[in-house]
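Working notes, structure below.
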Amino acid sequence: MSHHEVIILGAGPAGLGVAASLEGWHPYDNHGKNLITMDTKSLLGSGIRPIVHFRDLHHPEDNTLYGSNRFNFRKNNRVDWIILSDDAAGGLWNNVPSNQLTLGPANWMELSHYPMKQFNYDNHTNINLREIINKNNLLSYYKKFSKKLNLDHHIYNEHKIISIEKKQNSNFIICSKYKDIKKEYSCKYLVFALGPKSIKRKLGVPGENFDYINNSYTKPEDFEGKNITIVGGGRSSDWAAQELFDKGKNITYIMRQKEENHSRLIQESQFLDYYKRWHEIISNKKKNMTLLYESKVIRFSKNNQITYENNLKQQTIKSDHVIIEIGGLPNYDLLKNINLEFHEKYDNYRFQLLQMKVHQHSFESINVSNLYAGGYLAQGTGLSVIGFHAGSFLISGDIIKKIYANN
Ligand SMILES: Cc1cc2nc3c(=O)[nH]c(=O)nc-3n(C[C@H](O)[C@H](O)[C@H](O)COP(=O)(O)OP(=O)(O)OC[C@H]3O[C@@H](n4cnc5c(N)ncnc54)[C@H](O)[C@@H]3O)c2cc1C
């Protein structure tokens, strides 16, 4: 078993931010003060939320032209850390549809240690920081981030985490599967940053494993044939339904939600081109887009048959493919042997998950010492990467302060 001081689970934007500070890239203010070791507990005591403090330093004003920030980074000694993750740097962005665009501007996806402006300069690219950014550019940025800051040697990808335990001696033991080989790691500090969708939701109906059924969508070319059934109702299924429709497919879109909820999402998202397109599609009432609200799949059968219920009536249709995009959940099962408390965080579209209850000055679990929650998984975090990235300084700062105190 190999031991490391810190193990970060997940190579998404949340894990990468923590890793960069642990690698030694610390934020300094304009007076040359290292902010990583600042007393965030006192800050909280004086009525300032530490995550908001760091977020304001990174983005002093919303929509700043170049994601300018009020701190700069200098290299310090590294802490012994690794990341274990199934994907490479960039997390879930490795698996979103090929043409996926973000919901917010590029500089909202930035991790402060390596400004996107600098990325543009290094790569001779011209990404508009105030416009939404596509998957390819965003992934290139996260990959370059990990290379430029020397993180990539310490990111072990293709590792599927299968269990986590906390031992009497206070170390965490993590088991992963790497190409069917079981690996074991131990660490003193554990950062749980496996993202908001580490387990795919299942419909839980008979026949969900037929091979005409797909649990993700990448690009239209993957789907031959004319008739496609989409099951979902959120932004990911909207993306798939619209892109396939525009490629001339006949779409049957089965949604549990009410029509008014879908209409509201479309209305409130008119700043995005694909939702402008949705508005057109709905207004034109095209016959090859069948929208079934307040409907549910009853079963899938052989010969590509889908039985669903709509208006209390059951119908059976045939489709060449079914795409199920009903989101996911954080995989807290991995922590089931550790007694943790969670906070229910639900809003209309974005936050629909349980978050770990954490101390607000450090994002360390209130129940288990040396366990930290990254990204959306921490109670009190902010929305989007711009909102949660600041939490990475609370986590890395707390770990670094503890390590300094023990030496
Ligand atoms: C389609 C889509 C569009 C989005 N658009 C935006 C947007 O415009 N702006 C925005 O700010 N956010 C957006 N988000 C939110 C998104 O969650 C964040 O952008 C960000 O990727 C979350 O970062 P993270 O590091 O917390 O998690 P992730 O990016 O999910 O990274 C966690 C990593 O851990 C891996 N992992 C999970 N379980 C295991 C396991 N058992 N073993 C090993 N590895 C595991 C995951 O596969 C993943 O690679 C979007 C999400 C989706 C799905």
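The values are calculated or read from the model by the stated rules, or taken from the named source; none is laboratory data. Bear in mind the structure is a predicted one, so any value in this text is a computation, not a measurement. Here the Cβ is made from the backbone with ideal geometry for all residues, glycine too, and neighbour counts use every protein chain on show.
Among the residues of the stretch 214-230, those that are within 17 Å of LYS202 (Cβ to Cβ) and either assigned to a loop (DSSP other than H, G, I, E, B) or in contact with a helix residue (DSSP H, G or I) (Cβ under 7 Å, 6 or more places away or on another chain) (or both) comprise ASN215, SER216, TYR217, ILE230. Please verify whether the stretch 282-292 includes one or more residues that are farther than 28 Å from ASN95 by Cα, away from the ligand (no atom under 16 Å from the Cβ) and touching a residue at least 40 places away in the same chain (Cβ under 8 Å). There is at least one residue in the stretch 282-292 that is farther than 28 Å from ASN95 by Cα, away from the ligand (no atom under 16 Å from the Cβ) and touching a residue at least 40 places away in the same chain (Cβ under 8 Å). Could you tell me whether HIS31 is surrounded by fewer than 24 Cβ atoms within 10 Å (Cβ to Cβ), more than 30 Å from LYS160 (Cα to Cα), more than 14 Å from the ligand (Cβ to nearest atom) and modelled with pLDDT under 95? Considered against the rule, which asks whether it is surrounded by fewer than 24 Cβ atoms within 10 Å (Cβ to Cβ), more than 30 Å from LYS160 (Cα to Cα), more than 14 Å from the ligand (Cβ to nearest atom) and modelled with pLDDT under 95, HIS31 comes out as yes. Can you spot a residue in the stretch 360-370 that is within 16 Å of the ligand (Cβ to nearest atom), in contact with a Ser or Thr (Cβ under 9 Å, 6 or more places away or on another chain) and either modelled with pLDDT under 95 or acidic (Asp, Glu) (or both)? Looking through the stretch 360-370, none of the residues is within 16 Å of the ligand (Cβ to nearest atom), in contact with a Ser or Thr (Cβ under 9 Å, 6 or more places away or on another chain) and either modelled with pLDDT under 95 or acidic (Asp, Glu) (or both).
Could you tell me whether LYS166 is away from the ligand (no atom under 15 Å from the Cβ) and over 24 Å from TYR372 (Cα atoms)? No: the conditions fail for LYS166. Of the residues making up the stretch 132-154, not a single one is assigned to a loop (DSSP other than H, G, I, E, B) and among the β-branched types (Val, Ile, Thr). If we scan the stretch 73-83, do we find a residue that is assigned to a loop (DSSP other than H, G, I, E, B) and within 11 Å of the ligand (Cβ to nearest atom)? No, the conditions are met nowhere in the stretch 73-83. For the stretch 323-334, the count of residues that are surrounded by 17 or more Cβ atoms within 10 Å (Cβ to Cβ), farther than 30 Å from PRO105 by Cα and not assigned by TED's automatic domain parsing to the domain that holds TRP239 is nonzero. Among the residues making up the stretch 91-136, those that are within 7 Å of the ligand (Cβ to nearest atom) and small (Gly, Ala, Ser) are GLY91, GLY104. You will find that of ILE338, ILE323, ILE366, the residue that is closer than 20 Å to ILE174 by Cβ and not polar (S, T, N, Q) is ILE338 and no other. Looking at the stretch 181-193, is at least one residue assigned to a strand (DSSP E or B), of a type outside the set (Lys, Arg), free of Cβ contacts under 8 Å to residues at least 24 places away in the same chain and within 16 Å of the ligand (Cβ to nearest atom)? Checked the stretch 181-193: at least one residue is assigned to a strand (DSSP E or B), of a type outside the set (Lys, Arg), free of Cβ contacts under 8 Å to residues at least 24 places away in the same chain and within 16 Å of the ligand (Cβ to nearest atom). Among the residues of the stretch 264-280, is any over 26 Å from ASN134 (Cβ atoms) and crowded, with 20+ Cβ neighbours inside 10 Å? Looking for residues that are over 26 Å from ASN134 (Cβ atoms) and crowded, with 20+ Cβ neighbours inside 10 Å, one finds none in the stretch 264-280, hence no.
Evaluated against (1) over 24 Å from the mean Cα position of the chain (by Cα); (2) of a type outside the set (S, T, N, Q); (3) farther than 18 Å from LEU22 by Cβ, PRO196 falls short on exactly one condition, (1). Criterion applied to ILE306, ILE298, ILE338, ILE326 was being within 30 Å of SER176 (Cβ to Cβ) and either part of a strand (DSSP E or B) or touching a Gly at 6+ places or on another chain (Cβ under 7 Å) (or both), and the one residue passing it is ILE326.
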